[in-house]
Amino acid sequence: MIGFILIVFVSLFFTGIIIRTKSLAAGRKGPGIFQPLKDIFRLFRKGSVYSQTTSFIFRLAPLVYFSSVVMASLLIPFGVSRAVIGFEGDFIFFAYLLGLGKFFNIISAMDTGSSFEGMGASREALFSMFAEPAFFILMGSFALLTGFTSFYDIFNAIHLNSYTGYALGVMAALVLVLLAMIENSRMPVDDPKTHLELTMVHEVMILDNSGFDLGLILYTGYLKFALYGALIANFFIGGLALNAALPLYLLIQFSFAVAVGLIESFMARFRMSHNAQFIFALSSVSFLIFFGVLLIMGKLN
Amino acid sequence: MGLESIDLTAFLLGLNLIVLILGTLAIIVLPGRGKPVAAVVSVLSVSALSGILAILSLRYGGLEAVFSMGSFIGDVPLRIDSLSAWFILIIAFVTLTGVVYGMGYMKAYKPLSPISSLHWFFFLLFQSSMLWVCMVQNGIAFIIVWEIMSISSLFLVVFDHTNPRVLKSGINYMVQMHLSVVFLSIAFIWVYFKTGSWDFKGIETYFTHFPNIGLFVLFFIGFGLKAGFIGLHTWLPHAHPAAPSHVSGVMSGVIVKIGIYGIFRVITYLKADYLLLGEMIIGLSLVTGLFGIMNASVHRDFKKMLAYCTIENIGIIGIGIGLGLIGIAHNQSILYFLGFGGALMHVLNHSLFKSLLFYSAGSVYQQTHTRDMNKLGGLLGYMPHTGGLFLFGAIAIAGFPPLNGFISEFLIYSGLLRAIQSPGVDQITLMILAFAGLSIIGGISVLTFTKTFSALFLGSPRIKLEHKPREVSKLMLLPQYLTVIAMLAVAFMPFLFLKIPVQILAANFPGAPLLQNAEVLAYASLLQQISLFFLVFLLLIGFVAGLRYFLTRNSISVSNTTWGCAYTAPNTRMQYTGKSFSKSFSKLFGFILLERKEYTELMASELFPQRRKYSSHYSDIFEKKLIQPFSRSLNRFTNLFTFIQNGRIQTYVVYGIAFILIVFFGTIFNLWH
């Protein structure tokens with residue numbers, strides 16, 4: 001339960017920190033860290049415009065998207081404290097829940113019959129497809145290493161595995177950071193601040209959403225960031241007592257947000273056609289982790 | 001098993017035969033409108049009878065009736081064990097929904113009504129023969145019912161016989177099905193020569209005394225041709241689009257699974273080589289799954305897409321089968337349970353959602369008369385039920401919660417996760433590859449089904465159709481809703497259905513490790529728990545919907561055109577099509593997904609370009625690079641002998657005379673010894 005509450009808590013100011021970091025890096029003062037949240041509350045109170053082309057799919061999709069991420073957050077433990085939902089193989093459920101959210105996002109974009117939104121939808125489908133194996137190989141490797149198959153057990157067992165476990169944890173963190181960037185359509189893959197629809201991925205998919213729906217989609221993005229941050233943090237706080245784990249968790253979330261801000265400040269977006277290769281290359285990093293696990297377990301003799 | 005149950009079995013089977021004959025008579029005698037009704041009644045009765053048989057066999061741990069068929073074939077045992085029962089129940093359900101849907105669907109085929117009695121007769125025969133295939137356990141009799149099944153399905157496929165392309169697909173299907181018969185016959189004859197028995201028990205004897213792998217591979221190729229494993233799959237993408245949709249629904253839902261049944265049946269007799277075969281099947285299935293879904297993602301013909309998707313699902317089932325074999329090899333009951341159990345559950349799930357998808361796709365075809373998804377669009381407004389049903393099927397087949405596809409895929413995923421803890425590096429690597437491969441398959445299914453669903457049902461119509469599409473009749477919707485109910489039942493009460501695979505696993509595989517009750521119960525309750533989470537998830541969506549309603553009840557909601565990025569004259573042709581949706585994917589995998597483009601380049605001298613055409617088609621790499629060159633060279637070789645078969649009657653008479661002379665002189669000079 002603590003895991004879920006913390007994710008919601010962190011999601012409140014995560015994007016604020018990213019924006020603040022980017023502002024500072026650009027030499028500006030920037031808005032307060034709660035500004036994104038205030039924007040969402042403003043959107044919640046606003047009216048909305050629906051396209052005449054759209055059907056019930058368009059109205060249903062934001063709800064499914066939000067619910068899928070909330071449901072996925074319920075699966076994330078917090079160190080020694082169990083998640084609300086946890087069972088053997090829960091990370092498969094996790095990945096498929098997020099996939100369902102994406103599925104609805106994509107068809108909602110296609111529902112508008114817009115040429116631009118189809119473009120984003122197609123890219124989203126392609127990129128998330130390529131990102132899929134990286135996560136599965138990563139979790140599969142840790143399942144191999146620890147002998148467990150649920151988030152909670154894996155995270156707690158990694159800690160017991162001493163320093164080698166941490167080394168893999170760092171690599172896993174790298175994969176997860178990049179996965180989070182892809183899943184949230186952030187910098188090396190997609191530029192949330194671009195002004196040209198042709199070069200957008202996620203932003204162009206929600207062109208026609210407005211009012212409450214847009215607010216919900218934006219907040220879901222924040223939640224998703226915090227969710228991945230929590231996943232990364234869990235690689236390091238497993239088995240720690242609460243008073244040590246909590247500061248470490250917040251520190252990791254904070255540095256994750258700062259890192260995202262810095263990446264976005266100092267990197268340019270990849271060429272769209274190179275994205276797929278980049279994402280697929282992530283799977284090879286996951287494979288490195290897999291071979292690392294094989295080495296640690298002494299299977300490669 | 002008491003004597004009464006044997007009598008009862010024979011009685012029910014006899015009843016089945018009587019229903020078949022009566023149904024055929026009724027179809028022939030009744031006027032046009034009565035024929036489908038007679039077919040529905042007969043199919044319903046046969047389904048009910050076989051369902052009773054299956055349930056009885058599950059209750060009493062197997063039924064058996066033996067018929068004597070002369071000295072050569074010998075006794076033909078009809079055995080219904082739990083494995084047969086599982087497949088019989090699936091066949092009974094899917095053929096039933098198929099015939100009801102077909103009754104509505106065939107109304108559109110007025111010009112072909114003269115052959116409709118033939119069609120319905122073959123449908124009856126098709127259903128019964130599939131059921132018999134699951135019961136008969138004598139090599140020769142098996143080949144005969146197998147052949148009846150193939151032939152009757154062939155006639156169902158070529159229903160639209162005036163279309164030459166349909167006939168061509170039909171011939172392709174027929175040839176490949178007979179290749180399958182060749183392999184199966186060789187296998188059965190081999191067993192007969194080694195053991196002297198046509199009974200399936202002979203296979204067990206064979207496996208006990210001789211090396212397993214050769215015979216198994218023969219059987220695997222024979223059954224794999226039906227199931228559509230890679231390399232053996234090329235009939236599927238031709239036959240499924242050619243057949244009327246209720247037939248393709250049943251074929252994809254069930255007939256393909258008969259191949260899986262065959263493989264399972266042979267595995268029950270297997271005695272050795274579990275590990276090797278398991279690894280081989282996993283590798284092959286992984287490639288099958290990836291290849292199937294990659295091809296599915298690019299095709300514009302939505303029924304062809306569904307056919308390739310069937311190949312993908314066979315791959316998923318195959319991964320389960322391989323996993324189970326590895327479980328037997330390592331004597332790990334949990335792998336055995338998760339692998340075979342997952343595969344059997346996926347057989348059920350796939351037959352449900354794939355028939356649903358074919359039915360709803362058929363409804364689209366019936367209303368629009370095109371299978372090209374790039375010409376359609378915005379159908380959800382015209383056909384809300386069909387659209388909703390297709391979406392249901394799409395979510396289920398992509399394996400997403402909260403529907404039944406997730407249940408079986410979860411079992412297989414869990415099995416792979418367990419199998420990762422194997423001793424050897426090769427196996428660990430295979431498992432992690434399968435694990436990642438399954439996730440890529442899932443990812444590409446998302447691409448495929450978002451593409452198909454949105455190209456068909458979302459946006460605006462891309463071209464103006466002659467007739468405005470309307471929602472199909474209630475008769476066609478009813479079987480689809482029935483299928484949805486069945487799917488929901490599997491999703492929310494998986495333990496009820498899992499019982500039967502557990503029973504199969506406990507009884508049918510003598511070489512397998514003993515199922516651990518605790519493990520089975522743990523997974524049964526886990527699935528139950530997951531169903532509960534499905535419910536929580538749905539409630540959550542409902543809650544957020546309520547919240548949105550509550551918060552926005554006073555705010556203004558306006559309807560306007562889609563934002564065209566400040567372009568003021570958008571038209572429906574500018575929408576993203578299915579082709580453009582999957583283009584970047586197909587470009588990346590251009591080395592597997594062969595695209596053939598036809599267009600004329602714009603010349604620099606053409607100041608005023610004329611209207612021009614652009615067409616692009618994808619072809620199957622196996623068919624194009626492997627089978628076609630092979631059959632072409634085979635053709636070239638056999639053409640060398642055209643001087644023998646030259647079409648002149650005179651020459652044939654000479655052959656006859658020569659033959660008679662040879663026999664005559666041979667006898668005279670006593671050459672035959």
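Determine one quarter of the surface area of the Cα convex hull of region B:384-493, which equals its mean projected area, and express it in nm² to one decimal. If you can, show how the numbers build up before the last one.
Details: hull surface 36.0 nm².
Over every viewing direction, the Cα hull of region B:384-493 projects on average to 9.0 nm².
Past the 25 Å Cα-Cα mark, which pairs from B:Lys375/B:Lys625; A:Lys224/B:Lys579; B:Lys304/B:Lys375; B:Lys474/B:Lys579; B:Lys226/B:Lys304? Result: B:Lys375/B:Lys625; A:Lys224/B:Lys579; B:Lys474/B:Lys579 exceed 25 Å.
Per residue, the convex hull spanned by the Cα atoms of the protein assembly as shown amounts to 213 cubic angstrom. Short-range pairs are left out: with C-alpha atoms under 8 Å and at least six residues apart, the relative contact order of region A:38-144 is 29 percent.
Could you work out the mean count of beta carbons from other protein chains within 10 Å of each residue's beta carbon in A:287-295?
Working: counts 4, 0, 0, 6, 2, 0, 3, 4, 0.
Taking all residues of A:287-295 together, the mean is 2.
Listed highest first by mean packing, meaning other Cβ atoms within 10 Å per residue, what order do B:421-433, B:218-230, B:646-658, B:598-610 come in? All intermediate terms of the calculation are to be shown ahead of the outcome.
Details: B:421-433: 17.7, B:218-230: 24.8, B:646-658: 9.8, B:598-610: 7.9.
Per-residue mean Cβ counts within 10 Å order the peptides as B:218-230, B:421-433, B:646-658, B:598-610.
Of the DSSP H helices in chain A, those that are both long (alpha-carbon extent of 18 Å or more along the helix axis) and hydrophobic (Kyte-Doolittle mean at least 1.0) are A:2-25, A:56-73, A:90-111, A:162-183, A:211-237, A:242-266, A:272-296. Placing +1 on the Cβ of every Lys and Arg and -1 on the Cβ of every Asp and Glu, with no other charges, gives chain A a dipole of roughly 740 debye about its Cα centre.
Summing -39500 (n - 2.57) over the DSSP H runs of n ≥ 4 in chain A and dividing by its residue number, what mean residue ellipticity at 222 nm do you reach, to the nearest 500 deg cm²/dmol?
On the way: 11 runs with 220 residues, N = 301.
Helix contribution divided over all residues of chain A: -25000 deg cm²/dmol.
Taking label points 7 Å from Cα along the Cα-to-Cβ direction, A:Leu288 and B:Leu661 give a separation of 8.2 nm.
Using the 2.2 N^0.38 Å rule of thumb for compact globular proteins, work out how chain B stacks up: its C-alpha Rg over that value, please. Let's see the in-between values first.
On the way: Rg = 26.9 Å, N = 673, 2.2 N^0.38 = 26.1 Å.
Chain B yields a ratio of 1.03.
Take each peptide in A:95-101, B:665-671, count the other Cβ atoms within 10 Å of every residue, and average; sorted highest first, the result is A:95-101, B:665-671. In chain B, helical runs assigned H by DSSP with n ≥ 4 each contribute -39500 (n - 2.57); averaged across all residues and rounded to the nearest 500, the mean residue ellipticity at 222 nm is -24000 deg cm²/dmol.
What you get for region B:136-226, charging only the Cβ of Lys and Arg (+1) and of Asp and Glu (-1), is a dipole of about 160 debye around the Cα centre. Extension gain for the segment B:Ser631 to B:Arg165, taken as residue separation times 0.36 nm less the Cα-Cα distance, is 165.9 nm to one decimal.
When a/c is below 1.5 the answer is rounded, else prolate if a/b is larger than b/c, else oblate, so apply that to region A:1-81 with a ≥ b ≥ c taken from the square roots of the Cα gyration tensor eigenvalues.
oblate
GNM, chain A, Cα, under 10 Å: largest mean-square fluctuation among A:Leu176, A:Leu168, A:Leu251? Highest fluctuation among the options: A:Leu251.
Comparing A:Ser51, A:Ser122, A:Ser273 in a Gaussian network model of chain A, where Cα atoms under 10 Å apart are tied by springs, the biggest mean-square fluctuation is seen for A:Ser273.
The mean number of partner chain beta-carbon atoms within 10 angstrom of a residue's beta-carbon across peptide A:88-98 is 6.
Taking 0.36 nm per residue of separation and subtracting the current Cα-Cα distance, fully stretching the chain between B:Tyr614 and B:Asn560 would add 16.1 nm.
The aspartates and glutamates whose alpha-carbon is closer than 19 Å to the alpha-carbon of A:Lys46, local same-chain residues fewer than 8 away aside, are A:Asp208, A:Asp213.
No lab work stands behind these numbers, since they all come straight from the coordinates. Here the structure is a predicted model, which is why all the values come from computation and not from measurement. Cβ coordinates were reconstructed from backbone atoms using ideal geometry, including for glycine residues, and neighbour counts include every protein chain displayed.
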